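Working notes for the structure below.
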Amino acid sequence: MLRVFRLRLFGWGHFQRRLDRSVPRYSVEVYGQTRSLATPAGVAGAQTAAHLSVLQATVARFAREQIAPAIFSREQQGCIEPSLWRALFEQGLMGMEIPSDFGGSGLSFVETCASIEQLSKVDPAVALVVDIQNTLLNRAVLHFGTREQQALWLPRLARDTVGSFALSEPEAGSDAFSLRTHADLEQATSTTSRRYVISGSKLWISSAAEAQWMLVFATVDPAQKHRGITAFVIDNVDEAKALGQLQIGPKEDKLGIRATSCCPVHFHRCVIDADRQVLGGLGQGYRVAMRALNEGRIGIAAQMIGLAQGALDATLPYLETRCQFGRPLIDNQGLQFQIAQAAAELEAVRALTFQAARLVDEHQGTSAAAHLAEIARQAASAKLLAAQTACRLTRRCIEWMGGMGFIRQTLPEKFYRDAVIGKIYEGTENMQLATIFRFLSATHHTRHDS
């Protein structure tokens, strides 16, 4: 049973939402007005502290009420329950930066990262699917899609369609652009239009089991190396499966973020419309992937700082109540100093992460090489340090809790396992270091030459 909510918020006319009665509406009142998560916020001053705090409180409440109760059952089952997928879409979390014209929430990149941080404090696995949908897929279509492609795909991605980003391969991990998946052009015939046929395999593809829309990177000419890579969109995954053109392999049994699917994907002459399903143009897949990944790394940094904060928040109450030698553990000054050090490190990397996010908003719509390079540099720094901080802080939480920290199905133990992937996906730790050094070296040589 569906009903229409008609809201008038912050001077934005009437905004209609269709909601399932079983999914609560999350909103927060500030200055006498109600701000809903799915209400367009692209107005002057939308990133002020007051507006951002409203959004954070809204997402935090949603996470506590809708995500937290099933954290461990979700992890044991290895999937996100259908009701939560529906709630993520209904609350506007899967289309945060998609303009309201296309059914999205119209938020900024800073607000997207703030939302990912809040979700990660409760369950980083759920935050990951939100991060991938927003920072990799939606933004790729916003940056590189034609107006027709945006009108076709963005409303679906905002409303009910889970997407996945298919880049990594068995022989192409960190060296992602040595990929072997290929797309062969077939000219139009009397019965078919001009099309590409994709063959090959992908590995470790997040959300592959649930995806109905897939961004796939394949080469149209291996001799051209990265210049031959093209981004293709499979916008009806179920149809491709039914035709035997696409096969999703079994879910990987992962160390952490276990509620998200991670699967191999195999393409068996998967047919792609050459005019409609190419994103960014022929041979532009490298540009599409790198821009998406550079911005996506900031989302991963937000996930890591949220995860680390969640671990700290779950640990402190135990330290306040666990007594040894006649007093609570937290009364020991040595432990207090360790906690203070961890909190300071977390605050520093949070500032770095949101500095990078603000830079993305400042240069929204630009293709200037200097601006994109600076985003890439700051994104690499933020992801590197956020992942390191998350791994270090969650390990400390385990140690501070002692034997209880080593027990399964405690939040610090789960966060500890979830943190490890932060040093691996969307570019390993060494890949981030290589990126940072490349920019440092270029700057040094520029100064030296001048």
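Whole-Hz Karplus values for segment 416-421 come out as 4, 5, 5, 5, 4, 5 Hz, taken residue by residue from phi with 6.51 cos²θ - 1.76 cosθ + 1.60 and θ = phi - 60°; glycine and proline positions read x. Our summary gives the chain a relative contact order of 14 percent, counting only alpha carbon pairs under 8 angstrom and 6 or more residues apart. The value given for segment 164-279 is a Kirkwood hydrodynamic radius of 14.5 Å, derived from the mean inverse Cα-Cα separation.
Amide H to amide H distances under 5 Å link Arg322 with Leu329, where only residues 5 or more positions off or on other chains count and H is placed in the peptide plane.
Against the empirical curve 2.2 N^0.38 Å, the C-alpha radius of gyration of segment 334-450 lands at a ratio of 1.32. In terms of packing, defined here as the mean over residues of other Cβ atoms within 10 angstrom, the peptides 280-289, 88-97 line up highest first as 88-97, 280-289.
Under 5 Å between amide H atoms, partner at least 5 residues away or on a different chain: which partners does Leu203 have, H built in plane at 1.01 Å? For Leu203, whose amide H was placed from the backbone, the distant partners under 5 Å are Ser168, Glu169, Val265. Judged by the mean number of other Cβ atoms found within 10 Å, the most tightly packed of the peptides 65-73, 186-194, 423-431, 381-389 leads the ranking 381-389, 423-431, 65-73, 186-194.
When the convex hull of its Cα atoms is viewed from all sides, the chain shows a mean projected area of 25.3 nm². Work out the FRET efficiency for Glu429 and Thr189 from their Cβ-Cβ distance, taking R0 = 35 Å, and round it to the nearest 0.05. E between Glu429 and Thr189, to the nearest 0.05, is 0.10. In sequence order, segment 402-407 has phi-based couplings of x, x, 5, x, 8, 7 Hz under the Karplus curve 6.51 cos²θ - 1.76 cosθ + 1.60, θ = phi - 60°, and Gly or Pro positions carry x.
Estimated at 0.36 nm per residue, the fully extended path between Asp273 and His363 surpasses their Cα-Cα distance by 29.2 nm.
Whole-Hz Karplus values for segment 430-436 come out as 5, 5, 5, 4, 4, 5, 4 Hz, taken residue by residue from phi with 6.51 cos²θ - 1.76 cosθ + 1.60 and θ = phi - 60°; glycine and proline positions read x. Here's how it looks for Ala218: its modeled amide H is under 5 Å from those of Thr230, Phe232, which are all 5 or more places away or on a different chain. Each of the peptides 144-152, 132-140, 290-298, 360-368 was scored by the mean count of other Cβ atoms within 10 Å over its residues; in descending order, highest first, they stand as 132-140, 290-298, 144-152, 360-368.
All of the numbers you see were taken from the coordinates with simple rules; none came from a lab. Because the structure is a prediction, the values reported are computed rather than measured. Neighbour counts are summed over all protein chains in view; Cβ atoms, including those assigned to glycine, are modelled from backbone coordinates with ideal geometry.
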